[in-house]
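In what follows, a structure is listed as structure tokens, so that the remarks can point back to it.
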Amino acid sequence: MAREVLTVVKNTPVLAGVNGTDPFRDMGRFLKELKDLGFSGVQNFPTVGLIDGVFRQNLEETGMDYGKEVEMIRQAHEMDLLTTPYVFNVNESIQMAKAGADVIVAHMGLTTSGTIGAQTALSLDDCVKRVQNIRDAAFEVNKDIIVLCHGGPIATPEDAKFVIERTRGVHGFFGASSLERLPVEKAIEAVTKEYKGIRLA
């Protein structure tokens, strides 16, 4: 999608999602290519952090582990790319902060709501505790680090406000589905209903 996006934007930084666990990729060379294309930074997406259970354990055992994503962020940081990794727990927050992450995105799981959103999620109260713990862990490593909340039940501006107002030192919200999917779903549904409401003479 690089050519579709980078040729349109003029003054907006663009991040590349990078699969840090890809065993067939020369990561240093790939990151240089991304920078040369015009990307301003990277994020560890897709990420094994969204996987748990036996499959996650198998990935870890075969070398496709979260540590590879940490190493990718470290290399990107050394190349002066903006680094905005997803982290899912305190340990990963510490690892990414030590790797030089500029922005920690405290990921609360797949975003709920909408027609294809996840059905199972943490409560917003659970998110407050988890986001705070992730923030505190990163802050212990780097007091200048930026921490954003994301995902799970944090699907609307009201949800983000709920979490941000109840945490300390969290700088904002990182939107994905909540910005590019949910608003579009609502708009398309509303317009479609209008068209379907037309009565034939």
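The values are calculated or read from the model by the stated rules, or taken from the named source; none is laboratory data. Just so you know, these numbers come straight off a predicted model, no measurement behind them. With ideal geometry, Cβ positions are generated from the backbone for all residues, glycine too; neighbour counts draw on all protein chains shown.
Here is how the numbers come out for the structure above:
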read-out	value
Scan of segment 125-148 for residues that are in contact with a helix residue (DSSP H, G or I) (Cβ under 7 Å, 6 or more places away or on another chain) and either free of Cβ contacts under 8 Å to residues at least 24 places away in the same chain or crowded, with 17+ Cβ neighbours inside 10 Å (or both), ordered by number	CYS127, VAL128, VAL131, ILE134, ALA137, ALA138, VAL141, ILE145, VAL147
Selection within segment 149-201 - crowded, with 18+ Cβ neighbours inside 10 Å, farther than 18 Å from LYS129 by Cβ and modelled with pLDDT of 95 or more	PHE174
Qualifying residue in segment 65-88 (condition: within 22 Å of LEU6 (Cα to Cα), in a helix (DSSP H, G or I), under 14 Å from the mean Cα position of the chain (by Cα) and not charged (D, E, K, R))	yes
Count of segment 149-163 residues which are in contact (Cβ under 8 Å) with a residue 40 or more places away in the chain and touching a strand residue (DSSP E or B) at 6+ places or on another chain (Cβ under 8 Å)	7
Where ARG135 falls short, out of the listed (1) of a type in the set (D, E, K, R); (2) closer than 27 Å to ARG29 by Cβ; (3) within 16 Å of the chain's Cα centre (by Cα)	(2)
Residue that is surrounded by the most Cβ atoms within 10 Å (Cβ to Cβ), among those in segment 97-124 that are modelled with pLDDT under 75 and either more than 16 Å from the chain's Cα centre (by Cα) or part of a loop (DSSP other than H, G, I, E, B) (or both)	SER113
Residue among GLU60, GLU78, GLU4 that alone is over 19 Å from ALA137 (Cβ atoms), modelled with pLDDT of 95 or more and surrounded by fewer than 21 Cβ atoms within 10 Å (Cβ to Cβ)	GLU78
Set GLY109, GLY49: member being within 22 Å of ILE154 (Cβ to Cβ), touching a Gly at 6+ places or on another chain (Cβ under 9 Å) and not hydrophobic (A, V, I, L, M, F, W, C)	GLY109
In segment 1-41, residue nearest to the chain's Cα centre (by Cα) [restricted to those that are closer than 26 Å to GLY63 by Cβ and of a type in the set (Asp, Glu)]	ASP22
